[in-house]
Amino acid sequence: MPTAAETTFPADHSWRKLGPIALVVGAVLVGAAFGVDGSEHHGDFYFSYLVGWMYVVTLALGAMFFTLVQHAGRAGWSVVVRRTAENMMATLPVLALFFIPIFLGRHELYHHWMDAKIVASDAILQGKEAYLNEGFWTGRAVFYLVMWGFLGMYFRGRSVKQDTMTDPAAIEEFSRGTERRSFVSIAVFALTITFAGIDWIMTLDPHWYSTMWGVYLFAGAFMSALAFLGLIHILMQKAGLVGRIINDEHYHDLGKLTFAFTVFWTYIAFSQYFLIWYANIPEETSWYAHRMGNSWENVGLLLMIGHFIVPFFFLMPRTIKRIRWTLALGCAWMLVMHYVDMQYMIMPVHAHHGVHLGATDFLTWFGLFSVFFGVFILNAGRAALVPLKDPRLKESVNFVNI
Amino acid sequence: MSSATITTAKPFGALAEFGNPAELYHACEKVRDEGFSVWDAHTPFPVHGLEDAMGAPRSKVPWISLVFALFGGTIPAFALQSWVAVEGSRQVISGKPMLSWQAFIPVTFEVSVLLGAVGALLGMLMINRLPQLYHSLFRSERFERFSDDKFFISIESRDPKFDAEGTVAFLQSLGSSHVELVED
């Protein structure tokens with residue numbers, strides 16, 4: 001069993017300072033992004049901000065799915081890495097507050113359907129008005145954010161509470177309780193991420209629709225969370241945290257899952273493209289039409305190569321996933337590719353004259369990621385680094401790949 | 001007629017029986033460290049980590065599978081579809097360009113998966129030298145329990161380090177409950 005030195009975040013550890021610093025620096029960078037943005041109605045800022053915010057929210061949501069699925073499957077191998085996923089998902093209440101700029105910029109982001117004048121002259125939008133109206137949109141956003149914040153805090157809270165329990169029978173029963181609660185939560189997660197993807201990204205182009213959109217967003221979210229889990233544990237161990245509890249075997253599995261979900265993302269991305277390409281209906285093809293010209297076609301190509309072909313061959317060999325620096329390289333690469341994916345989903349609506357990576361893009365991305373990271377570190381500092389009393393902790397520590 | 005009465009000049013190998021996985025595991029480590037190369041372990045169920053205790057190299061099956069998938073699946077499937085569309089058939093289908101690569105992806109993918117699986121199966125059979133209608137170890141009656149409740153190590157006489165008396169004594173020293181020489 002792990003020793004106390006391996007499971008605690010030392011009070012004098014240098015990373016503890018990193019938490020509050022990252023949080024403040026992040027907030028300042030986001031403010032700076034708003035300051036340096038000189039575009040009309042701050043359009044550049046709001047779109048960049050949406051990209052950055054969706055990036056960190058999908059990281060947290062992917063971690064939430066990871067945690068829920070490990071509970072639902074009563075998984076043994078993942079117990080030692082689960083607390084980190086819980087610390088990631090418990091950033092959601094703070095990230096929910098960072099939705100406020102999107103709410104304030106809603107008329108800039110979603111003016112294609114929020115502008116009454118446009119709707120008045122558009123029969124399709126009038127037909128969609130029962131769903132696509134400002135009041136309902138706001139209500140749904142509040143609902144998603146409250147649900148996510150609640151689920152993130154609740155499941156981390158249960159896990160931390162278990163750390164203090166002593167009676168083995170009660171601990172076992174407590175785990176059963178967490179499992180029972182995870183099933184319905186997965187359903188809630190699936191519905192909320194699907195509709196949030198529709199509300200915040202798909203409606204940027206309100207005529208367009210794709211039934212694969214929710215899964216597409218989920219695939220990227222889960223993939224990025226797995227890549228982050230792999231990378232952050234490597235960095236934590238470099239910094240002397242978690243000792244040797246997490247070993248090659250756990251990294252191998254995280255690498256396998258990251259690999260699997262880059263392929264899953266590709267499968268979904270291609271399926272969405274393929275059906276729209278085949279049917280060739282104007283309403284559906286418009287989305288790709290916007291992305292096949294004005295230099296966005298290069299971003300699509302970059303995703304094909306960088307989000308699939310390169311990681312497919314790079315992450316395939318067993319050895320790559322069991323050596324720290326090669327796995328770290330693969331994970332970091334995928335985290336960058338996830339940003340490219342977010343740009344590709346959101347930005348062509350705004351930057352329809354071509355790819356435009358400006359200061360606002362970098363400042364909002366680094367800023368929001370810094371906020372996410374700061375809250376993540378603060379969460380990590382408030383409890384043990386692994387679920388101490390989980391009945392399957394021993395199994396996880398001794399886990400070996402076949 | 002009992003097999004023990006027959007003596008041959010050169011046996012197939014030595015067979016040692018063990019009562020449980022732990023004994024077998026540690027015996028394998030010692031056989032590995034002794035430097036034997038043509039030997040095997042036989043268990044009724046997979047024993048975790050036994051390939052490490054045996055010092056077995058990584059399987060080559062994934063590479064065979066990859067070669068089958070790429071050169072039997074991906075490339076020929078894509079090439080055939082492209083040839084049929086552009087040269088063989090030359091029909092405009094739903095107004096798309098002749099070389100509509102998008103339409104070829106699902107078939108290319110499926111054929112790659114199929115050939116990858118076929119490669120894995122054939123590679124596994126080839127490396128295990130299967131199917132094999134006869135194996136000398138089945139001359140031993142005790143060996144039948146390898147698929148029931150006993151654990152075995154067999155060291156073949158082809159091994160350069162094999163010598164009948166010495167190897168039997170070595171296997172006995174590992175704590176085997178029964179060691180025998182099996183005829184070829």
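Worth pointing out:
- Between A:Y267 and A:N247, the contour length at 0.36 nm per residue exceeds the Cα-Cα span by 4.2 nm.
- Debye-formula intensities of the stretch A:117-204, expressed as log10 I(q)/I(0) at q = 0.12, 0.14, 0.23 Å⁻¹, are -0.54, -0.65, -1.11 (one equal scatterer per alpha-carbon, no solvent).
- Here the peptides A:190-199, A:337-346 are ranked by packing, the mean other Cβ count within 10 Å, and the order with the highest first is A:337-346, A:190-199.
- Enclosing the Cα atoms of the stretch A:213-331 in their convex hull gives a volume equal to 104 cubic angstrom per residue.
- Mean separation of Cα pairs under 8 Å and 6 or more residues apart, divided by the residue count, gives the stretch B:61-127 a relative contact order of 58 percent.
- Furthest towards positive pole of dipole, A:S185, A:G220, A:V160, structure part the stretch A:144-279, Cβ charges: A:V160
- Centroid-to-centroid, using Cα positions, the stretch A:373-398 and the stretch A:171-204 are 21 Å apart.
- Computed from the alpha carbon atoms alone, the convex hull of chain B holds 171 Å³ per residue.
- Cross-link pairs A:K238/A:K321; A:K161/A:K394; B:K10/B:K60; A:K17/A:K389 - those with Cα-Cα distance over 22 Å: B:K10/B:K60; A:K17/A:K389
- Compactness relative to 2.2 N^0.38 Å, alpha carbon Rg of the stretch B:130-184: 1.19
- Shape call, the stretch A:1-141: gyration tensor on alpha carbons, a/c limit 1.5: oblate
- For the stretch B:19-90, the alpha-carbon coordinates run over 68, 25, 15 Å along the three principal axes, in decreasing order.
- The longest part of chain B holding none of the exposed loop trypsin sites (Lys or Arg not before Pro), meaning those outside H, G, I, E and B in DSSP with at most 13 other Cβ atoms within 10 Å, is B:1-57.
- Rg/Rg_ref, the stretch A:24-102, where Rg_ref = 2.2 N^0.38 Å and atoms are Cα: 1.41
- Share of Cα-Cα pairs in chain A lying beyond 37 Å, as whole percent: 22 percent
- Per-pair calculated FRET efficiency, R0 = 35 Å: A:I402 and B:E23 via Cβ, rounded to 0.05: 0.95
- Whole-percent carbon and sulfur share, accessible surface of the stretch B:25-184, 1.4 Å: 62 percent
- Sites excluded, trypsin sites (Lys or Arg not before Pro) in DSSP loops with at most 14 other C-beta within 10 Å, longest stretch of chain A: A:75-243
- Phi angles of the stretch B:29-34 translate, via the Karplus equation with coefficients 6.51, -1.76, 1.60 and θ = phi - 60°, into HN-Hα couplings of 4, 6, 4, 4, 5, 6 Hz per residue; Gly and Pro are given as x.
- Over chain A: helical MRE at 222 nm, DSSP H runs n ≥ 4 each giving -39500 (n - 2.57), nearest 500: -24000 deg cm²/dmol
- Heavy atoms of chains A and B lose about 1100 Å² of accessible surface on contact, summed over both sides with a 1.4 Å probe.
- At 1.567 mPa s and 4 °C, Stokes D of the stretch B:61-127 from Kirkwood alpha-carbon radius, µm² per second: 102 µm²/s
- On the basis of the beta-carbon distance and an R0 of 51 Å, A:Y131 and A:A11 show a calculated FRET efficiency of 0.50.
The values are calculated or read from the model by the stated rules, or taken from the named source; none is laboratory data. A quick note: this is a predicted structure, and the numbers were derived from the prediction, not measured. Methodologically, a virtual Cβ is constructed for each residue, glycine included, from the backbone with ideal geometry; neighbour enumeration extends over all protein chains shown. Remember, those area values only see protein heavy atoms, side chains included, never the ligands or the DNA or RNA. Shrake-Rupley method; radii C 1.70, N 1.55, O 1.52, S 1.80 Å.
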